Amino acid sequence: MKRNASIDDYLKPLASCPLQCYLTNTLQVADVVEWVLEQVGKATIWQTSFSISEEFLRRLFFIEKSGKVDAIHLVLDFKATQKTLRLWPFLTRVIEHTYLADNHSKVILIRSETGQTVSIITSQNLTRGNRNESAIVTTDAAVFATFHASLTDIMKNHSVPLSELFAQKIAE
């Protein structure tokens, strides 16, 4: 987030506004993830993106280190494989399960330990940029269920599970 900016300038608390959106170059998707976790508590996160950056991974590292996350699942695009492999040592310390698939979606699903769900549908990759990005943030359970079912299908049936493949290679 840019200095002198507040997420409250763009988003209202989830409890009072279950469907909201923004279009700005001020917010970063990592800011929104932290903001959601502050409201829902410890949670599991599923993320999809074309690619991920080291800067975004650092943010996730500190989010996870703070104890706000049970597990993180990540789906990236096959075309970003080289970048993903360069980040692999750091990625494995932060993300529990990483998958490669034909993916251009940018969706973040958050389910708290209490069962509260939040879906973030964004134009931003899991990177840091200074471009205008848009997002819709909703607590609608049907939206979460639809995306979660599709994402589970992609992870189980249409992806290469990088984390498992690397674990096998290291064991050999």
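The values are calculated or read from the model by the stated rules, or taken from the named source; none is laboratory data. Note that the coordinates shown come from a computational prediction; the quantities given were computed from them, not determined experimentally. Neighbour counts are summed over all protein chains in view; Cβ atoms, including those assigned to glycine, are modelled from backbone coordinates with ideal geometry.
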- Task: Among the residues of the range 70-91, write down those that are out of contact with any Leu (no Cβ under 9 Å at 6 or more places or on another chain) and polar (S, T, N, Q).
- Result: GLN82
- Query: Among the residues of the range 81-103 satisfying the criterion of being part of a helix (DSSP H, G or I) and of a type outside the set (A, V, I, L, M, F, W, C), which is surrounded by the most Cβ atoms within 10 Å (Cβ to Cβ)?
  - Reply: THR84
- Of the candidates LYS12, LYS79, the one satisfying the condition of being within 19 Å of ILE110 (Cβ to Cβ) and basic (Lys, Arg) is LYS12
- Any residue in the range 155-162 that is in a strand (DSSP E or B) and at pLDDT below 95? yes
- Query: In the range 38-72, which residues are assigned to a loop (DSSP other than H, G, I, E, B), modelled with pLDDT of 90 or more and small (Gly, Ala, Ser)?
  - Reply: GLY41, SER49, SER66, GLY67
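Can you pull out every residue in the range 112-129 that is modelled with pLDDT of 90 or more and either touching a helix residue (DSSP H, G or I) at 6+ places or on another chain (Cβ under 7 Å) or buried (at least 22 other Cβ atoms within 10 Å of the Cβ) (or both)?
Of everything in the range 112-129, those that are modelled with pLDDT of 90 or more and either touching a helix residue (DSSP H, G or I) at 6+ places or on another chain (Cβ under 7 Å) or buried (at least 22 other Cβ atoms within 10 Å of the Cβ) (or both) turn out to be SER112, GLN116, THR117, VAL118, SER119, ILE120, THR122, GLN124.
Any idea which of VAL75, VAL33 is in contact (Cβ under 8 Å) with a residue 40 or more places away in the chain, surrounded by 15 or more Cβ atoms within 10 Å (Cβ to Cβ) and not in a strand (DSSP E or B)? Before you say what the answer is, go through the steps one by one.
Working: VAL75 fails: not in a strand (DSSP E or B).
So the residue among VAL75, VAL33 that is in contact (Cβ under 8 Å) with a residue 40 or more places away in the chain, surrounded by 15 or more Cβ atoms within 10 Å (Cβ to Cβ) and not in a strand (DSSP E or B) is VAL33.
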